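Participant: Handing you a structure now.
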Amino acid sequence: MNRTKAKNKVVKIKRVEKSVLEILREFNNKNLEKNIIQAPKHKTYRLLVDKFEHFLKTKNLEALAYKDFDYSLLDEAFIYLKNTRFDKKKAINDNITPVQNDTLRPLMQFLARGNKYARDMKYTKTTLPEYDRMKSEANETPFLVWHEVESLENLDLSKSSEIEGIRDVFLFACYTGFLYADIRKFDYKQHIEIDKNGKEWIIKPREKNSNRQNLPFIDKAKAILVKWKYDLPLQCDQIHNRQIKQLCKTAGITKVITNMCGRKTAGMIWLDMGYSMPSVSSMLGHRSIKVTEKHYAHVQRSRITHEKKIIDANNRLLENQTATAPALNKDDLMLEILQKLNISVEKLANK
């Protein structure tokens, strides 16, 4: 009888969920152990969690579980993280100059991934509510198109080797899809492989997640490397970003460009050249093609729209020519259409 009572008592004990902070730190550490993320990214997420902990302490909610989340709490977190001043160690410091805090979006993304991990590990049954502010504040990474890349290429920067070096490093990112951290770790002897046809390929794990980038080493990228004797002139990120913005203005480019835009530019150019989405996914080193589609699917839609306009123009011209010049054969008609569209037969044959 006593055993039954004791058993019933145990059954009635309510299981306490792990706190969000515990889950996020466990999730972050396991990702590092499994090489899903590298040490720099692990540190970034650790500091993000530390900042979120600062907010929770102001509410006496250090033991907050995912089941306790709601929109109002996320809104309060938004306001707090936007207005709280942190020093370089992500600790509160009232003596530094206030700056805009860009912590919210990556933190909310990390909270969502941690929530999925918690559900997979049976730590919680709660799904974090979708945060509308994330959508409204999310900005697409800008990128350059070919003629803008050529504008940067054609700048005469011979009077300043430092500025020329910054331009060349950015162009190297546009040709390889590397982030700045990947450029820092790139080693020609270690990361270039030659296939049976003598063509050079970049085979390099990304610094962000160790996924391999696998792409042809194009002549323009190699020319930059040779120009700087295989030792690219790297600056700190802040100097590089500041100078790239100025260089783009000089080249007549109005977009707000940073070093991260080089990678997006590479993906866009490869798609525009005709590479398939799976190929671009491999070249960028994405973990899944879904990631590539998320960031680049709109390019496919815009290309389809452009190609549809060409096809419609072809059909209209073909109909007009058939009506006015029935004596022409089909090959002659198509040649005339291509000439009017300013598309060379040789270019199409090469594709």
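Participant: Hey, can you grab everything whose amide H is under 5 Å from the amide H of GLN213? Only 5+ residues off in sequence or another chain; H modelled, so Pro and N-termini drop out.
Facilitator: Amide H to amide H, under 5 Å and 5 or more residues apart or across chains, GLN213 pairs with LYS204, ARG206.
Participant: Figure the gain on full extension for LEU234 and LYS59 (residue separation times 0.36 nm, minus the Cα-Cα span) and round it to one decimal in nm.
Facilitator: Answer, rounded to one decimal: 58.7 nm.
Participant: Could you sort out which of LYS204/LYS264; LYS189/LYS227; LYS43/LYS67; LYS43/LYS222 sit more than 22 Å apart by Cα distance in this structure?
Facilitator: From LYS204/LYS264; LYS189/LYS227; LYS43/LYS67; LYS43/LYS222, over 22 Å: LYS43/LYS67; LYS43/LYS222.
Participant: Please identify the GluC sites (Glu not before Pro) of region 140-238 that satisfy two criteria: DSSP loop assignment and at most 11 other Cβ atoms within 10 Å. Which are they? Show your work: numbers first, answer last.
Facilitator: On the way: sites: GLU140, GLU148, GLU150, GLU153, GLU162, GLU164, GLU193, GLU200, GLU207; in loops: GLU140, GLU207.
Sites meeting the loop and neighbour criteria: GLU140.
Participant: Please give the residues of region 278-294, grouped as numeric ranges, whose backbone N is less than 18 Å from a label point set 7 Å along the Cα-to-Cβ vector of GLU193.
Facilitator: Residues 279-287 fall inside that zone.
Participant: Continuing with this model, one more query. What does the extension gain come out to for SER72 and MET121, with contour length at 0.36 nm per residue minus their alpha carbon separation?
Facilitator: Working it through step by step, the gained length comes to 15.0 nm.
Participant: Can you pull the Kirkwood radius for region 146-287, inverse mean 1/r over Cα pairs, to one decimal in Å?
Facilitator: Computed over region 146-287, the radius equals 15.5 Å.
Participant: Could you put THR124, THR250, THR176, THR292 in order, starting from the residue whose Cβ has the fewest other Cβ atoms within 10 Å?
Facilitator: Ordered by Cβ neighbours within 10 Å, fewest first: THR250, THR124, THR292, THR176.
Participant: Taking the simple approach of a point 7 Å from Cα along Cα-to-Cβ for both ASP219 and ALA39, what is their distance in nm?
Facilitator: For the pair ASP219/ALA39, the computed spacing is 4.1 nm.
Participant: What full-extension length gain, to one decimal in nm, is calculated for ARG113 and GLU26 as 0.36 nm per residue of separation minus the Cα-Cα distance?
Facilitator: My answer for the length gained is 30.1 nm.
Read-outs: derived from the displayed coordinates by stated rules, not from any lab. Predicted model, so just to flag it, every value in this text is computed and none were measured. Here Cβ is always computed from backbone atoms with ideal geometry, including for glycine, and neighbour counts include all displayed protein chains.
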